[in-house]
Amino acid sequence: MYQTLHNAEFEEQKDRIVLEAGPLTDYIVSPQTGTVTACAPFVFRRITGNFTLQARVAHAFASTYDAACL
């Protein structure tokens, strides 16, 4: 059902998907240079048709550049 990139390990629970990214992982395009860094775990599912997504993202923010995203 779900596909992954970058050796993503995740747990599908009753009403959520739990995914953790390790240190020194990132998924960003530099606004200054356009350089792409894409080494963070990534979980996705292809969906056709119209749909509505409702999500809540939680994060501990332990270090300066920590982030959480969809």
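Miscellaneous remarks
- Filter pass, THR35 being open to solvent by less than 90 Å² (accessible area, probe 1.4 Å), of a type outside the set (A, V, I, L, M, F, W, C) and at pLDDT 90 or above: yes
- Candidates in segment 38-48 are the residues that are open to solvent by 60 Å² or more (accessible area, probe 1.4 Å) and farther than 11 Å from HIS6 by Cα; of these, the one that is modelled with the highest pLDDT is THR48.
- Pairing residues of segment 41-70 that are in a strand (DSSP E or B) with residues that are among the hydroxyl-bearing types (Ser, Thr, Tyr), at Cβ distances under 8 Å and at least 6 apart in sequence or on separate chains, gives PHE42/THR4; PHE42/TYR27; VAL43/TYR2; VAL43/THR4; PHE44/TYR2; PHE44/THR4.
The values are calculated or read from the model by the stated rules, or taken from the named source; none is laboratory data. Note that the coordinates shown come from a computational prediction; the quantities given were computed from them, not determined experimentally. Quick reminder, even Gly has a Cβ in these numbers, built from the backbone with ideal geometry, and neighbours come from all protein chains shown. When the accessible area is computed, the model is the full protein with side chains, heavy atoms only, and any ligands, DNA or RNA have been set aside. Shrake-Rupley method; radii C 1.70, N 1.55, O 1.52, S 1.80 Å.
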